[in-house]
Structures are given as C-alpha cells and as structure tokens.
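S.K.: Got a structure for you, questions after.
The values are calculated or read from the model by the stated rules, or taken from the named source; none is laboratory data. This structure is a prediction, so every number in the text was calculated from the model and none was measured. So basically every Cβ, Gly included, is an ideal-geometry build from the backbone, and we count neighbours across all protein chains shown. SASA here: full protein model, heavy atoms, side chains in, ligands and nucleic acids out. Shrake-Rupley method; radii C 1.70, N 1.55, O 1.52, S 1.80 Å.
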Amino acid sequence: MAAFGYVAVDKTGKEVKGTIDAENVEVARQQAKQKDLTLLSIKEQGALSKDIKLDFGKKPGARDLGVMCRQFVSMNRAGVTLIESLKMLSEQTENKKLQATLQEVRVSVERGESLAFAMEQHRGTFPELMINMVSAGEASGNLDTALERVSEQLESSAKTQAMIKKAMIYPIAVCAVAIIVSIVMLVVVIPNYSVMFEDLGTELPGITKMYVALSDFLIGYWFIIIPVVIAIVVGIMMFSKTDAGKHVFGRLAIKIPILGNLTVKSASSMTARTLSTLLGAGVPLIEAVDIVSGVVSNVFFQEALKHAKDEITIGLPLSRPLEECGLFPPMVYHMIRIGEEAGNTEEMLDKLADYYDEEVEMAVQSLMAAMEPMIIIVLAVVVGGLIAACMAPMLTMYSALDNL
C-alpha cells in the first residue's frame, strides 16, 4: 500500500490535513469521500515527504484511563454532550498523550464517526477491552454502564499492578545497594588493603587472595566486562520478546514455587474480571474470550484461552477447555460450570474475580515474606565475605604480633 497525503474540507467547513493508506489514488479518493471529506488536493507521499509524528508522550496507564472513564460517565449522566465531554476530558487530563488522543477522537466524532470507531484508530492508547466495551455500549444504548464497568476493571488492574510493583521495590533496591557496595569494596577498598599488607610483608589469607584476584580482574578488564553485561541484558530482553523466549519465561513464571502461585492467581483474577465485564456489556462469549486471551500476560494462559475460544465455537461450554488445559485452579472452572448450568455465568465470574483479587494480595504478601530472609542471606554472604576478606589480614597480623 502507498501513503497519500491530502488537504480537504470536512462537513463543518474546516480545512483538515491527513494521510490515507490505499492501493492507489482512486481508492484513496473513495476513502476520503466515505469520511465526508471534500478533497482540495491529494498526492502520493515519498519516503522523505511522509508525515513524521514524534511521540514523546507517556502512554496512559490503567489508572489514567479508569479516571477518564469515571469522569466520562459523570459528564454523560449530567447531560453533557459527547463532543463537549471529550473536549472537557482532553483539557482536564494530565497525561499529554491521552490529551492529544482525546482531541483527535473528538474531531472524528464531530465528523460523524462513532466513539468506538474513533477510539479504534488509536489502539496504542486505548486497550482492546475498552474499545469493545464502548462498541457494545453504543450498540445497546448503555454506554454509561459499559464505561463504568471498564473503569472498575481498569482500577482493579491498576491496583493489582501497583501491589506487585510495590512488592518488587524492596528487593530491587536492596540488590542495587548490594551491587554498588560490592563494586566499591572490590575497586577501592580491597586494592588499598592489598597494597598496605604487601608493604608490611604479611602473607594474605586465602579468602583475601580470592577477593584481590577478583578485584584485579574487575579493574583490569572493566572495559570488557561492562559491554558483556550490557550485551547479556539486551540479549535476554530480546529473547524474552521472541516466541521461544515467551514460552521459556512463561513456564518459569508458572513453575517457580511462590512466583508461580502469584502468576496463576493473577491470570485467574484477570480472566474472570475481564470476562465478567465484557459479558455484562453484551459482548458475545466467543469474542469476549478472544479479547481476554490478549489481556493476560503469560503466553501459556493466552494459548489456553485461544484454544478455549475454538472449543466454544464448536459448541462446548467454557468450563471444559479451562479444565482440560491444566493451568487454572479447580475453583475457576467449577464456578464457571455452575454459572453455565444455572444461567448466571456473569455473576459467578464476578465472585471469582473478587475472590482471586484477595488471593493475589495474599500471594504478594507471601512473596514478600519469603523474599525477605532470602535477601538477608544473600546480603550476609556477599557483604560478609567482603568484610571477612578485609578483616582476615588484620587478624593474622595481630596473631603474629601476639606470638612475638
């Protein structure tokens, strides 16, 4: 496809500029006509003439979008028009990227496009869940209810993410301090000790010799070590984005004892909450399961839900593929099966989501409780070894003086 830059007048008489991706200029003209644009000029853009958009704005998080939905609902129920609501929201939001996106959405709505269609053009800002919920809300005439449920979903997700991030701050900070202290000791303190005791003619103990050798290696080959470490980190990050990497890290996230418990419960909570939100807005089950498969982060849960969608398509109940995949806890598929038999699947999913939200919070606390002693042990080994390497020569020297 080629990119065609155009200058046109919209149905309000305002001059607008933009780009259309099309196979040829005639198709581009037809697309412009479908958007109620009167073309003034249109021409194909070359590699150097293409519109370049530099986006330095921070992508809005779940909390930003949740607050936006809450404000949207309040304005709508107060009788504020959709276009005016979008204008007010773009002025109120603090996130620059979201502010610019809402302005573009307002322009699209002014041209007569639906809110869901306008948001769909900005998938990098609005998640798939929100777009589908808005689309279902507009189709059913319950946009307020749809947005309210989206805000609850996003706020719940933001709360869970905040808990996990908070739990990781302490071990990351401690590890960073340990690394810095170790480097300072090895690069500054140990060499000075080594020179001092060599001048005194004192034989260094074995542990001190080991750390002196490590210190000499760091000082002598730092220009090789740093690029190698950076290359390893970048390599791991790149590998984690590949299909094989996603499966390796996904399996580790499930198999590591305490972390696996948190991963499974987080996925169960996300699946139940998102499914309940989508079904409550009138989204068909097959489409809802497909959307959820793109929301969960672990690749094995994604594949399980995609398989579940295929099974539902041929007429099987959702509970069956969830049970057969072996990833979800028994409570998940048992509760869903009860809901399917009683005809209140949405209500059961709500209860499941509430239960696993609490379970995630407890899992985070358990993870923290388990990590604290492990961090203390690691610090004791690392820092204790360095201190022992520094103190051992002094103790050897004092012992030699006592024997004189």
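S.K.: Could you check the spin-label model distance between GLN103 and PHE249? Points 7 Å from the Cα along Cα→Cβ, value in nm.
M.R.: A separation of 3.5 nm, rounded to one decimal place.
S.K.: What residues qualify as long-range amide H neighbours of VAL16, i.e. H under 5 Å apart, gap of 5 or more or another chain, H built at 1.01 Å from N?
M.R.: Close amide H contacts, sequence-distant or interchain: ALA8, VAL9, ASP10.
S.K.: Measuring from label point to label point, each 7 Å out along Cα→Cβ, what is the ASN142 to ILE258 span in nm?
M.R.: Between ASN142 and ILE258, the label points sit 4.3 nm apart.
S.K.: Please compute the net charge surrounding GLY137, taking Lys and Arg as +1 and Asp and Glu as -1 over other residues with Cβ under 12 Å from its Cβ.
M.R.: Computed value for this residue: -2.
S.K.: Largest first, what is the accessible-area ranking of VAL134, VAL7 with a 1.4 Å probe?
M.R.: Greatest to least solvent exposure: VAL7, VAL134.
S.K.: Ordering ILE230, ILE291 by accessible area with a probe of 1.4 Å, largest first, what comes out?
M.R.: Order by accessible area, largest first: ILE230, ILE291.
S.K.: I would also like to ask the following. Report the local net charge at SER293: Lys and Arg +1, Asp and Glu -1, summed over other residues whose C-beta lies under 13 Å from its C-beta.
M.R.: Neighbour charge sum, excluding SER293 itself: -4.
S.K.: With a point put 7 Å past each Cα toward its Cβ, work out how far VAL16 is from MET391 in nm, to one decimal.
M.R.: Here the answer is 7.4 nm between the modelled labels.
S.K.: I would also like to ask the following. Considering only protein heavy atoms and a 1.4 Å probe, what is the carbon-and-sulfur percentage of the accessible area of region 292-396?
M.R.: Carbon plus sulfur share of accessible area: 62 percent.
S.K.: Given 0.36 nm per residue, what is the gain on full extension from ASP216 to ILE83 after removing their alpha carbon distance, in nm?
M.R.: The span from ASP216 to ILE83 would gain 41.1 nm if fully extended.
S.K.: Continuing with the same structure: If the cut-off is 16 Å between C-alpha atoms, which lysines fall inside it for LYS43, apart from same-chain ones fewer than 8 positions away?
M.R.: LYS17, LYS33
S.K.: State the label only: which of (1) 101, 61, 41; (2) 61, 51, 46; (3) 76, 56, 35 corresponds to Cα extents along the principal axes in Å computed from the shown model?
M.R.: (1)
S.K.: What FRET efficiency comes out for VAL181 versus THR242 if R0 is 22 angstrom and r is the Cβ-Cβ distance? Round to the nearest 0.05.
M.R.: 0.05
S.K.: Cross-link list LYS159/LYS306; LYS241/LYS309; LYS58/LYS309; LYS166/LYS246; LYS96/LYS306: which exceed 28 angstrom alpha carbon to alpha carbon?
M.R.: LYS58/LYS309; LYS96/LYS306, as the Cα separations exceed 28 Å there.
S.K.: Taking the Cα centre of each part, how many Å lie between region 80-157 and region 252-306?
M.R.: First find each Cα centre; the distance between them is then 24 Å.
S.K.: Can you figure out the FRET efficiency of ILE224 with MET374, using R₀ = 30 Å and their beta-carbon distance, to the nearest 0.05?
M.R.: Computed FRET efficiency for ILE224 and MET374: 0.45.
S.K.: Would you look at the GNM of the chain, springs on alpha carbons closer than 10 Å, and say which of MET185, MET210, MET130 moves the most?
M.R.: MET210
S.K.: Scan region 88-141 for GluC sites (Glu not before Pro) in coil per DSSP, keeping those whose Cβ has at most 10 other Cβ atoms within 10 Å, and list them by number.
M.R.: Counting only loop positions with at most 10 other Cβ atoms within 10 Å, the GluC sites (Glu not before Pro) in region 88-141 are GLU94.
S.K.: Let me ask another. Anyone know which of LEU186, LEU154, LEU279 comes out most mobile in the 10 Å Cα GNM of the chain?
M.R.: For the chain, modelled as a Gaussian network with Cα springs under 10 Å, the answer is LEU186.
S.K.: May I pose another question? Give me the accessible area per residue for the chain, probe 1.4 Å, as a whole number in Å².
M.R.: Accessible surface, normalised per residue, equals 57 Å².
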